[in-house]
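The values are calculated or read from the model by the stated rules, or taken from the named source; none is laboratory data. Quantities reported herein were computed from a predicted structural model and do not represent experimental measurements. To get the accessible areas, we keep the full protein, side chains included, count just its heavy atoms, and leave off ligands, DNA and RNA. Shrake-Rupley method; radii C 1.70, N 1.55, O 1.52, S 1.80 Å.
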Amino acid sequence: MIASDMLLFACILFLLLFTAVYIACYPSILIQIKSFLSLKILWLVVGVLVVISCIISGVISYNSKLYWDFSADGFNCFISLFRFPLGISALIIPIVALLAANHRSEQTKKQIELANTQNVFQNYYKHVEEFTKYVNSIESKLFFSVRKLHKYLYPYSKDGRYFFKNCCY
């Protein structure tokens, strides 16, 4: 009984390490904006767990003298014999939940980055518009382009940094 618990723990540790290494080696597998069910890592983890569970069940079935018994004792015997492969199959649920949480956070991170890029873009054009209004209100006859003046005074404004050229913020 203790050996099977140790083996179950070793399998859990192996699968968690395998998943972590796979995600570290192929981070783009989670970053893509895809549905969760179309991710390769999901089906890889589920497939590996199901295959391991089936192999262990086959080994148990081959090495045990089993017979059909649909009584309560038969079901209890089934549960006690196949506790280990059922435990491995039950690991699918928490591992998939962890993958789903990670996928959701990666998608949220990507959405925040896209929203930030859009905000910088909108802020730049709003800044240019307000600058143009201000310069036009000061001087009605300009001998230079307001856009060129803006670009000269605020060279980093396209990056979202609105400070003067000689300022060192």
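Got at least one residue in the stretch 89-97 being of a type in the set (A, V, I, L, M, F, W, C) and not in a helix (DSSP H, G or I)? I'd like the intermediate steps shown before the answer.
At the first step, the residues of the stretch 89-97 found to be of a type in the set (A, V, I, L, M, F, W, C) are 90-93, 95-97.
If we keep only those that are not in a helix (DSSP H, G or I) too, we end up with 91.
Among the residues of the stretch 89-97, at least one is of a type in the set (A, V, I, L, M, F, W, C) and not in a helix (DSSP H, G or I), which makes the answer yes.
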Test for K109: is it of a type in the set (K, R), open to solvent by 80 Å² or more (accessible area, probe 1.4 Å) and closer than 30 Å to G160 by Cα
yes
